[in-house]
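The values are calculated or read from the model by the stated rules, or taken from the named source; none is laboratory data. From a predicted model like this one, the values you see are computed outputs, not experimental measurements. We place every Cβ from the backbone using ideal geometry, glycine too, and count neighbours over all the protein chains shown. For the accessible areas, the whole protein counts, side chains as well, though only heavy atoms, and no ligand, DNA or RNA atoms are used. Shrake-Rupley method; radii C 1.70, N 1.55, O 1.52, S 1.80 Å.
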Amino acid sequence: MESNIKLITDDGLRLDGRALNEMRPIKIQTGVVEKADGSAYIEWGANKIIAAVYVREAYPKHAQNIDRAIVKARYNMSGYSVEERKRPGPDRRTMEISKVITEALESTIVLEKLPRAEVDVFIQVLEADAGTRIASLTTASVAVADAGVPMRDLVVGCTAGKADGKMVLDLSKDEDNFGEADIPMAILPRTKKIVLLQLDGKVSQEEFDEATSMMMNAIPRISEIQRNALMSKYNVEEGE
Ligand code: ADP
């Protein structure tokens with residue numbers, strides 16, 4: 001969306017003071033939903049999201065897959081998660097985000113290790129501030145690992161985009177609303193396989209390459225935060 005809002009200041013910084021290739025702070029904590037098999041909470045900038053995972057026999061029985069698990073991710077934005085009025089219940093955006101997150105998780109879960117099972121991933125956005133789909137996927141993949149589900153790798157999400165003609169990492173809400181392009185991406189870091197890639201807006205080939213290289217540079221840092229979250233829970237339990 002074109003606009004008259006200046007997103008990059010004269011000193012080359014963004015409205016929230018970040019450099020063009022600077023992420024917002026990220027914190028992840030596991031084991032936040034006691035009843036769930038696995039769970040994780042993420043704060044990514046002002047986004048606050050919980051993911052809870054249940055692994056159970058798929059129901060009804062005729063929906064079971066005899067040689068592999070079914071994955072169902074459900075993304076839901078709380079009515080209080082955004083300032084603007086949000087209509088309650090599922091809409092097209094919610095369905096689309098649930099679908100892309102499900103597909104990304106399917107590509108890393110070793111489905112054939114869990115025949116007849118259903119891996120239910122409930123994602124609740126408590127506060128939304130741009131980039132919720134990739135923050136949801138990043139925390140959902142930690143919750144799936146926390147549930148002990150066999151995975152090839154943790155999925156790491158990130159966004160980049162274009163604001164005031166410049167490529168920027170990890171779009172803020174203003175950049176998402178008034179910038180020229182938004183590119184969410186998620187990969188499996190070990191193999192660098194891309195499991196989610198969307199583009200909203202217009203960019204040139206060079207700009208797209210710059211966006212993906214910014215994201216590729218950020219991914220090891222996010223991956224480390226995920227691993228630390230899983231490890232710290234393990235350490236606490238060990239000491240108990
Ligand atoms: P993402 O959250 O993955 O960036 P979008 O680009 O669709 O997905 O949304 C950008 C941001 O716009 C969201 O993070 C949220 O802050 C806000 N938003 C999305 N949908 C709504 C809605 N229905 N009502 C109010 N704000 C919304």
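Okay, residues lined up against (1) modelled with pLDDT of 95 or more; (2) surrounded by 20 or more Cβ atoms within 10 Å (Cβ to Cβ):
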| residue | (1), (2) |
| --- | --- |
| Glu57 | yes, no |
| Lys61 | no, no |
| Gln64 | no, no |
| Ala69 | yes, yes |
| Ala73 | yes, yes |
| Pro90 | no, no |
| Lys99 | yes, no |
| Ser107 | yes, no |
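I'm trying to understand the selection: among the residues of the stretch 55-83, which are under 16 Å from the mean Cα position of the chain (by Cα), within 16 Å of the ligand (Cβ to nearest atom) and not polar (S, T, N, Q)?
Residues satisfying the conditions are Ala73, Arg74, Tyr75, Met77.
Please work out which one of (1) open to solvent by 50 Å² or more (accessible area, probe 1.4 Å); (2) closer than 30 Å to Val53 by Cβ is the condition Ile222 fails and give its number.
Here Ile222 meets the rest and fails (1).
Among the residues that make up the stretch 176-185, is at least one of them closer than 21 Å to Gly17 by Cα and of a type in the set (Phe, Trp, Tyr)?
Within the stretch 176-185, one or more residues are closer than 21 Å to Gly17 by Cα and of a type in the set (Phe, Trp, Tyr).
Considering the stretch 33-54 alone, what residues qualify as being part of a strand (DSSP E or B) and within 16 Å of the ligand (Cβ to nearest atom)?
Once the filter is applied, which keeps residues that are part of a strand (DSSP E or B) and within 16 Å of the ligand (Cβ to nearest atom), the stretch 33-54 yields Ile42, Glu43, Trp44, Asn47, Lys48, Ile49, Ile50, Ala51.
Residue under question is Val100, and the condition is that it be outside any helix (DSSP H, G or I) and touching a helix residue (DSSP H, G or I) at 6+ places or on another chain (Cβ under 9 Å); does it hold?
No, not satisfied.
Kindly indicate whether any position in the stretch 84-96 is over 23 Å from Arg227 (Cβ atoms), assigned to a loop (DSSP other than H, G, I, E, B) and away from the ligand (no atom under 13 Å from the Cβ).
The answer is no, given that none of the residues of the stretch 84-96 is over 23 Å from Arg227 (Cβ atoms), assigned to a loop (DSSP other than H, G, I, E, B) and away from the ligand (no atom under 13 Å from the Cβ).
Any chance the stretch 214-228 includes a residue that's without any contact (Cβ under 8 Å) to a residue 60 or more places away in the chain, of a type in the set (A, V, I, L, M) and not in a helix (DSSP H, G or I)?
No, the stretch 214-228 contains no residue that is without any contact (Cβ under 8 Å) to a residue 60 or more places away in the chain, of a type in the set (A, V, I, L, M) and not in a helix (DSSP H, G or I).
I need a count of the residues in the stretch 183-204 that are crowded, with 16+ Cβ neighbours inside 10 Å and either away from the ligand (no atom under 14 Å from the Cβ) or among the β-branched types (Val, Ile, Thr) (or both).
Counting residues in the stretch 183-204 that are crowded, with 16+ Cβ neighbours inside 10 Å and either away from the ligand (no atom under 14 Å from the Cβ) or among the β-branched types (Val, Ile, Thr) (or both) gives 6.
Could we say that Val110 is away from the ligand (no atom under 13 Å from the Cβ), in contact (Cβ under 8 Å) with a residue 24 or more places away in the chain and touching a Pro at 6+ places or on another chain (Cβ under 6 Å) here?
yes
In the set Glu207, Glu180, Glu175, which member is in contact with a Leu (Cβ under 6 Å, 6 or more places away or on another chain) and either at pLDDT 95 or above or open to solvent by 40 Å² or more (accessible area, probe 1.4 Å) (or both)?
Being in contact with a Leu (Cβ under 6 Å, 6 or more places away or on another chain) and either at pLDDT 95 or above or open to solvent by 40 Å² or more (accessible area, probe 1.4 Å) (or both) holds for just one of Glu207, Glu180, Glu175, which is Glu175.
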